[in-house]
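Structure record follows, encoded as structure tokens.
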Amino acid sequence: MIELKAPLAVAVVRWLPESQGGRHSGPPTAPVYAATTAFGNDSTCAQSGADLLSILVQRIDTLPDGSDLANIGFLVPDLARAHLRIGAEILITEGPNVVARAVIRELLQPEHPT
């Protein structure tokens, strides 16, 4: 099982309905969901495969509007750090399909061993 031990950010995630290319089964139910992602709001960059990173999403809560509040991490965190800022948009993809859009709400400090 994949674990999210050191999330880098908290984001609001809006899962797209199947009619807009979202997941057939709806939002994931796994404790930690792994997918690919592209930064920005242009779905063509995600579909081209340019600069795709592996993202980890761990739902914290469901917000009143139906979106999820989630911890966000990456399989290779150093590749994502340059893109992380409050308000940054993330496209979460499965293959060529954008299945969710997220916006970073909070940056988390990485834990340093003492």
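The values are calculated or read from the model by the stated rules, or taken from the named source; none is laboratory data. Note that the coordinates shown come from a computational prediction; the quantities given were computed from them, not determined experimentally. Cβ sites come from the backbone with ideal geometry, for glycine too, and all protein chains shown count toward neighbours. Just so you know, the surface numbers come from the protein's heavy atoms only, side chains and all, with ligands and any DNA or RNA stripped out. Shrake-Rupley method; radii C 1.70, N 1.55, O 1.52, S 1.80 Å.
In Å², what does the accessible area per residue of the chain work out to with a 1.4 Å probe?
That works out to 59 Å² per residue.
With a 1.4 Å probe and all protein chains kept in place, how much accessible area does Thr36 have, in Å² rounded to the nearest 10?
Its heavy atoms expose roughly 40 Å² to the probe.
Along Cα→Cβ, 7 Å out, is where each label goes; now give me the distance between the ones at Glu106 and His24 in nm to one decimal.
3.7 nm
Please report the carbon-and-sulfur percent of the accessible area for the chain; probe 1.4 Å, protein heavy atoms only, DNA, RNA and ligands left out.
52 percent
Using a 10 Å Cβ count of at most 12 others and DSSP loop calls, identify the longest part of the chain lacking such trypsin sites (Lys or Arg not before Pro).
6-84
With runs of 4+ DSSP H residues as the only contributors, calculate the mean residue ellipticity of the chain at 222 nm using -39,500 (n - 2.57) per run, divided by the residue total and rounded to the nearest 500.
-1500 deg cm²/dmol
Once you put a point 7 Å from the Cα of Ile60 and another 7 Å from the Cα of Asn97, both along the Cβ direction, what distance in nm separates them?
Between Ile60 and Asn97, the simple spin-label model gives 2.9 nm.
Give the longest segment of the chain that steers clear of GluC sites (Glu not before Pro) in DSSP loops with at most 12 neighbouring Cβ atoms within 10 Å, not counting the sites themselves.
Longest gap between qualifying sites, sites excluded: 4-110.
Please list the three semi-axes, largest first and in whole Å, of the ellipsoid equivalent to the chain, using sqrt of 5 times the eigenvalues of its alpha carbon gyration tensor.
21, 16, 13
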